[in-house]
Every structure is written in C-alpha cells, then in structure tokens.
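Trainee: First, the structure itself, so that you have it in front of you.
Derivation of every value follows stated rules applied to the coordinates shown; laboratory data play no part. Fair warning: this is a prediction, and the values are worked out from it, not measured in the lab. Backbone-built Cβ (ideal geometry, glycine too); neighbour counts: all protein chains shown.
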Amino acid sequence: MLVLALDLTSREKALEIVEKTRDFVDAVKVNYPIVLSCGIEIVKELSEIKRVIADFKIADIPYTSSLIAEIAFKNGANAVISHGFVGRDVLEEIMKVAENYDGKVYVVTELTNEGAREFMGQFARKIAEIAKEVGCHGLIAPATKPERVREVREVAKNLEILSPGIGAQKGKLEEIAKYVDGIIVGRSIYNADNPKEAARKIKEEFEKAKLTS
Ligand code: NUP
C-alpha cells in the first residue's frame with residue numbers, strides 16, 4: 001500500500017498531484033500544512049477521489065482529542081493518526097468516535113526524526129502494546145529506524161503498520177518492507193519532475209522489496 005503524504009499548501013497543486021498519481025496511490029494523507037492553508041473542506045474534496053488519512057497527530061486531553069477526530073471523520077476522513085504517548089484514555093476516546101464512522105485509528109509509536117530517540121523511542125514498544133490493547137487499527141512506525149519497526153511488528157503482529165521516512169528522510173525500503181503493510185511518501189513524489197512515474201516506481205519497488213526481503 002502506498003500512501004501519498006500531501007504536504008502542499010496550494011489546493012490546485014494538491015489536486016493536480018493526486019490526479020497525476022491516482023493509479024498508484026492507495027490513500028492520501030493530509031497534515032496541518034494543507035488543512036491550515038486550504039481549510040478542512042480539502043478533506044472532503046480529496047475523499048471523493050481517494051481514501052483520506054487525517055494526520056493530525058492528535059495529542060490532547062481525551063475530550064479535545066475526540067473533537068478533533070470527530071471533525072476529521074465528519075469531513076470524510078477514513079482514518080486519523082493519533083500520538084500514542086498521550087496514553088490509553090485518549091486512544092479509547094478517539095476509538096469511540098472512529099467506531100461511529102467505521103473509521104480507522106493509527107497510532108504513532110516514535111517519530112522518524114533523530115530527536116525522537118530522546119523521549120519517544122524509549123516508549124515505542126509500550127505505545128504499540130497500548131494501541132493493540134485498545135483495539136486501534138494500526139501503527140505509524142519510522143522507516144528511518146528499521147530496528148524500531150521490527151520491534152513494534154513483534155509486539156503488534158496483527159496491526160496494520162504504515163511507515164513514513166522513505167526517500168527524503170533517507171529510510172530504505174529493503175530494510176522495512178517485510179515488517180510493514182504500507183509506506184507513506186511525500187516529497188519524493190510531489191517534488192519529482194514526474195510525480196506519476198515517481199509514484200509508480202516507489203510502489204513497484206515496495207512490492208518487490210516485500211517479496212524478496
Ligand atoms: O514519524 C513520522 N514521520 C513523518 O514523516 C510520522 C509522520 N506522520 N510523518 C509524516 O509523513 C510527515 O509529517 C509527512 O507528512 C510524511 C513524510 O513525508 P516525506 O518525508 O516523505 O516528504
């Protein structure tokens with residue numbers, strides 16, 4: 001599964017990239033840059049073309065977190081991404097909202113950046129365990145840290161794992177492909193001279209790496 005991270009701030013450019021890559025992209029991930037620039041309506045608009053994952057990295061008290069999730073699902077998102085370090089009560093509250101919409105909840109175990117080792121890395125395993133206990137659908141695990149992806153896969157055998165960090169952040173497909181169900185790729189696709197070809201190639205390489213690793 002290839003998820004396109006659409007971190008663009010222009011609605012026209014975003015729709016153009018989705019149109020060009022749609023044959024190879026399974027879902028589109030929106031984050032704050034596009035929603036703060038284009039408004040929440042962009043979620044609805046994109047959801048008419050592809051499944052949308054709302055990467056709001058929810059990290060607030062349970063009540064506020066549930067409001068954020070509700071807004072995302074009400075506007076057509078099929079899934080939301082929550083931080084896991086906020087704890088079980090937040091994930092439980094978001095799950096209640098997701099169930100009303102038949103939506104999915106993905107939980108960040110540790111971010112892809114180096115600095116995340118300082119705090120999040122120490123709890124990534126525990127976060128995966130809690131996400132599983134609460135019944136969340138999946139995890140977001142860092143392609144830049146293959147050892148962590150392997151670890152959370154061991155903990156959460158049946159959860160879907162999506163992995164960002166391939167390409168621009170220097171994560172390598174062949175190191176994580178066998179542990180994950182999908183990859184999240186942004187800049188290597190939307191900044192490419194030929195985004196359609198870039199998406200096709202990344203998807204093909206992922207599928208090949210899954211078979212051979
Ligand atoms: O740990 C994470 N790292 C990460 O890059 C969790 C994320 N959700 N992301 C997101 O994935 C990031 O916010 C961006 O939207 C996308 C990666 O984009 P790129 O590095 O492929 O351009």
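Trainee: Could you give the length gained on full extension between Glu147 and Lys74, defined as 0.36 nm per residue of separation minus the Cα-Cα distance, in nm?
Mentor: Values: separation 73, 0.36 × 73 = 26.28 nm, distance 3.64 nm.
Roughly 22.6 nm would be gained on extension.
Trainee: To continue, here is another question. Taking the Cα of Glu41, stepping 7 Å toward and past its beta carbon, and measuring to each backbone N in segment 1-24: which are under 14 Å?
Mentor: Taking a point 7 Å out along Cα→Cβ of Glu41, the residues of segment 1-24 whose backbone N falls under 14 Å are 11-12.
Trainee: Please tell me the relative contact order of segment 2-212 in percent, rounded to the nearest whole number, where contacts are Cα pairs under 8 Å and at least six residues apart.
Mentor: Values: 413 pairs, mean separation 37.0, N = 211.
In percent, rounded to a whole number, it is 18.
Trainee: In units of 2.2 N^0.38 Å, what is the alpha-carbon radius of gyration of segment 132-213? Write down the numbers at each step before the final one.
Mentor: Details: Rg = 13.0 Å, N = 82, 2.2 N^0.38 = 11.7 Å.
Relative to the rule-of-thumb radius for its length, segment 132-213 sits at 1.11.
Trainee: Continuing with the same structure: With θ taken as phi - 60° and the coefficients 6.51, -1.76 and 1.60, list the Karplus ³J(HN,Hα) couplings across segment 63-79 in order, rounded to whole Hz; mark glycine and proline as x.
Mentor: Once θ is set to phi - 60°, the couplings for segment 63-79 become 4, 5, 4, 5, 5, 4, 4, 4, 4, 5, 5, 4, 8, x, 5, 9, 8 Hz.
Trainee: Can you give the FRET efficiency for Glu12 and Gln169, using 1/(1 + (r/R0)^6), R0 = 25 Å, r = Cβ-Cβ distance, to the nearest 0.05? Don't jump to the answer; show the numbers that get you there.
Mentor: Details: r = 26 Å, r/R0 = 1.06.
That pair, Glu12 with Gln169, gives E of 0.40.
Trainee: Then there is this: Convex hull volume of the Cα atoms in segment 1-49, per residue, in Å³?
Mentor: Details: hull volume 2.9 nm³, N = 49.
Spread over its residues, the Cα hull of segment 1-49 gives 59 Å³ apiece.
Trainee: Amide H of Lys104: which non-local residues (sequence gap of 5 or more, or other chain) have their own amide H closer than 5 Å, using H built in the peptide plane?
Mentor: Ala79, Val80
Trainee: Applying the Karplus parametrisation 6.51 cos²θ - 1.76 cosθ + 1.60 with θ = phi - 60° to the phi angles of segment 145-161, what ³J(HN,Hα) value in whole Hz is obtained for each residue in order, glycine and proline being reported as x?
Mentor: 9, x, 5, 6, 4, 5, 5, 6, 5, 4, 5, 10, 4, 9, 8, 6, 10
Trainee: Could you give me the ³J(HN,Hα) list for segment 83-89, computed from phi with Karplus coefficients 6.51, -1.76, 1.60 and θ = phi - 60°, whole Hz, x at Gly and Pro?
Mentor: Couplings: 6, x, 5, 6, x, 4, 5 Hz.
Trainee: Now for a different question. Using just the C-alpha positions of the chain as equal point scatterers, what log10 of I(q)/I(0) does the Debye formula give at each q in 0.12, 0.13 1/Å?
Mentor: Those come out to -0.57, -0.68, one per q.
Trainee: Follow-up question, since we're still on this one. Principal axis lengths of segment 52-138 from Cα atoms, whole Å, largest first?
Mentor: In descending order, the Cα extents are 35, 23, 21 Å.
Trainee: Search the structure for amide H atoms under 5 Å from the amide H of Gly171, placed 1.01 Å from N in the peptide plane, and list their residues when 5 or more places away or on another chain.
Mentor: Sorted by chain and number, the residues that satisfy this are Ile166.
Trainee: Taking the Cα-to-Cβ direction at Glu205 and at Lys96 and moving 7 Å from each Cα, how far apart do the two end points lie in nm?
Mentor: The answer from the label model is 4.4 nm.
Trainee: 7 Å from Cα along Cα→Cβ at both Arg117 and His137: what's the point-to-point distance in nm?
Mentor: Spacing of the two 7 Å Cα→Cβ label points: 3.3 nm.
Trainee: So what's the back-of-envelope 222 nm ellipticity for the chain, counting only DSSP H runs of four-plus at -39500 (n - 2.57) apiece and dividing by all residues, rounded to 500? Working shown, then result.
Mentor: On the way: 10 runs with 99 residues, N = 213.
-13500 deg cm²/dmol, from helical runs alone.
Trainee: Label segment 1-102 by shape, choosing from rounded, prolate and oblate, from the square roots a ≥ b ≥ c of the eigenvalues of the Cα gyration tensor; if a/c is under 1.5 it is rounded, and otherwise prolate applies when a/b is larger than b/c, oblate when it is not. Could you put the intermediate results ahead of the total?
Mentor: Values: a/c = 2.11, a/b = 1.87, b/c = 1.13.
Prolate, because a/c is 1.5 or more and a/b exceeds b/c.
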